Each structure stands twice: as C-alpha cells, then as structure tokens.
Amino acid sequence: MSSTVLEEKRGTKTILSGDQAVAEAAKMSNIDVVSAYPITPQTIIVETLEHMIANGELKAKFIPVESEHSAMSAALGASAAGARVFTSTASQGLALMHEVVYITSSLRLPIVMAVANRALSAPINIWNDLSDAMAERESGWIQLYAETVQEAFDSTIEAFRIAEDPRVSLPVMVGLDGYILSHEYEPITLPFQEDVDKYLPPRKPSVMLDPAKPVSLGTLAPPDYYFEIKYRQERAIDSSLPIIDEFDKEFSAHFGRSYSMIEKYKTDDADYVLVTMGSVSGTAKEEADRLRAQGMKVGVLKIRLFRPFPKQQVVDALSGVKGVGVLDRSMPMGSSAPSLYQDVVTSLVQSRQLPTSLVSFVSGIGGRDMKLTDFEQMFQEIKTAVDGNIAYRISYPALRG
C-alpha cells in the first residue's frame, strides 16, 4: 500500500473500482454540480454520479453536454457562480478541453477533475499511459497521481480541500491510471460522512457571479498587464506546496492515511533509485524488495504531486544516491528528455547534487504491460550506467524489436 496507516480510524470497508471510488469521494465531498461527457475509461465515474443524483443519494445538478469542451465550460460557469464543481475525462476528452483547462486555472476556479489516464490517438488506443495529462502539465492545474484505488478516493476529497482554500484557489487534477485503477476493484475504507464534513467544510467563494451585481471575469489583458497576471498565477501554484502538505497532514489526522508529496521506499541507504508515478509504483516496490533480498541496494521514489513539482523534497530524497532512473509513461516527441525526467534532473542540477548516472526510461506506452522483469532490467541498467561511469542514457524497457 502506498499510504502509511498511522492508527485505526472509523470507516466502512468495502470493495470498489477506481472509477466507483472517485464517484463516491465526489459524492461525500458534497458537490453541487457535475458537468461531464462520457469517454472511456472514465465513463463509469459520471454514470455513477448520475445514478446517485437520479435516486436522491446526491443533491447536485448534473449537466449533460455535447462535448468535453462544453463540459469544462459549464463547470467553469458553475464554479464562478459559487458552486462546488466536479468533472472527469480522459485522453481525447482532455485534449478537447485544452482551451478551457487553461482558462479555468487562469480564473483561479477551484474545480476538481479526475482523469482516468489514457493514451492519445492516433492510432486509436484506449489503454493507459500519461500522455493526456502530460500535455496539460503547464496549464496551471495542481496535479496529483494515485497508486491505488484507496489513494484515488482519498486524493479526490483532499483535492477539494486544497483547491478551495483561499490561499490556493486553483483547480486540481487527480490522475488514476486507465483500467489499471479505473476498472480494478480493490478493498478500501470509506470514511463516515460526518468525518468528511469536518475535514472539508462548505465552499466559501471570495468572488462569485451574481446577476444582481454584474462583474467581468477573464476580460482582455493587454501587454501592460498580461505578463504580471501570469506571473502571479505561477507564484500561486508554487506557493501552494506547503499548503498541500498542511492539508495532507490534516487528512492523516482525520482518517489515518498519509501520502505526502513524494513517497520514499527504501531510499535512505540505496545506491540506485527508480523514480515512478502512478500505479506502476507498486510493481517497482515489489521488484525492489526482491533485489534487496539478493543484496542489491535499490529503492523507489514515488512522485504523488507532479504540479507544483516538489523540487526540494525530490533533491533531499535522492541525496547521496549513485544512480537515478526516471520512468516516464509518455513519449518525449522531439524534446531533449521526457517530462518527469526533465523535472527530476533540473531539480538536481539546480541543487548541484547530480548523481554519477541518470537514466531516462520510457515504457508502458499505450497500455504495454510492465512486468517485474522490466523493473529488474531498469534497476540493472542504472547499476550498469554507474559502473561504466555513464552520465546519461535513455532506454525503452518492454519495447519489442
């Protein structure tokens, strides 16, 4: 499990898929509006919420729309009017939202969106990788990534707490790997509603649209002002780091589970560390245990918070490590290196704490299975690079031919 169980807390144990768990978390967060368009593999999330609304379990407004672009547009309007808003999407749906995704963060609207991460076309592929969310990495949204169904549930509730705090006031994206988490059933603990209500109070918007008091949002900003507006937006997401940590500690106090921005797994004395994100972290940990039993000092650093990137925490976790590998599940496509690798390496360079070797791994593309043997290969490649004093290399585990 990715979470640290601090003490036994009240709750009901059940078995849910990742999509069902996210829908349950949105319901327990007392959302006011759901606006979404169906797309595999997130459709179950909005179907479940629609059923909850129809049978009276959830007192909220469901807005059916003709596309994902319209879904985010409706969510934007509802949030600007003061509602607590949830939506979800995946892959091409997130790509179609792209324009409004940027507008939402620029208007500082605290929408929470679940993304059942899926590859982008073409060719058409409905399976998992992170190319959809990586395309939005500079959109100004806070981004969390779950390893388990329990973490997807907990992160959704925590996302509303983060987004709506007046010190943050930014939208939050919760990533869960398509099919691997969205359709996988796992045992989880559901908290009692009164405990969620104590952790997540009703939204108190600082600005809201009201026909009786008309205001304009997002109007024209000429060059004299646009630069400063975007700078303040960038400062806002960067300044959210300690607040995110604060609310995770509060979550731990309420529910007994803590995730933090990163998770260090046997990294303290490790010579070789693999940096991961999402559900593959569990497989990486299992292989790390097996190699540890053989005497190889390996560890796993899981990135839970991708935006804002927790630079100092990553640098501290990798201090003294001989070799670092970074696993990306999106293609760099002409870039000098993939997205997660760039952030990890830039953080290390800025701190002047570069290890002997850095290895960029690209794998799991389009839902390609990642097996224990693939992770064994990655750890061995990191060691080989260190032994050969190779500063950098890129590798494609599980690539055939």
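What follows draws every value from the coordinates through simple rules; no lab data is involved. As the structure is a computational prediction, the values presented were derived from the model and not from experiment. All Cβ positions, even for glycine, are placed from backbone atoms using ideal geometry, and neighbour counts span all protein chains on display.
Key figures for this structure:
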read-out	value
Segment 201-223 residues that are within 18 Å of L76 (Cβ to Cβ), paired with ones that are of a type in the set (F, W, Y) and assigned to a loop (DSSP other than H, G, I, E, B) (beta carbon under 8 Å, 6 or more apart)	none
Of residues in segment 385-394 being closer than 26 Å to M333 by Cα and surrounded by fewer than 17 Cβ atoms within 10 Å (Cβ to Cβ), the one farthest from the chain's Cα centre (by Cα)	I390
Those residues of segment 71-88 which are buried (at least 18 other Cβ atoms within 10 Å of the Cβ) and part of a helix (DSSP H, G or I), in sequence order	A71, M72, S73, A74, A75, L76, A78, S79, A80
Matching entry among I39, I44 (being over 26 Å from K302 (Cβ atoms) and β-branched (V, I, T))	I39
Residues of segment 29-60 that turn out to be surrounded by fewer than 21 Cβ atoms within 10 Å (Cβ to Cβ), under 20 Å from the mean Cα position of the chain (by Cα) and of a type in the set (A, V, I, L, M, F, W, C), as a count	1
Qualifying residue in segment 244-259 (condition: hydrophobic (A, V, I, L, M, F, W, C), part of a loop (DSSP other than H, G, I, E, B) and buried (at least 19 other Cβ atoms within 10 Å of the Cβ))	no
Candidate set from segment 347-396 (those that are free of Cβ contacts under 8 Å to residues at least 24 places away in the same chain and polar (S, T, N, Q)); member that is farthest from D316 (Cα to Cα)	T373
Of the criteria (1) assigned to a helix (DSSP H, G or I); (2) surrounded by fewer than 16 Cβ atoms within 10 Å (Cβ to Cβ); (3) within 24 Å of the chain's Cα centre (by Cα), which one I229 fails	(3)
Subset of segment 138-150 (residues that are surrounded by 24 or more Cβ atoms within 10 Å (Cβ to Cβ) and either aliphatic (A, V, I, L, M) or within 16 Å of K27 (Cα to Cα) (or both))	I142, L144, A146, V149
Any pair with Cβ under 9 angstrom, 6 or more apart, that starts in segment 27-46 at a residue that is among the basic types (K, R) and ends at one that is in a loop (DSSP other than H, G, I, E, B)	K27/E57; K27/L58; K27/A60
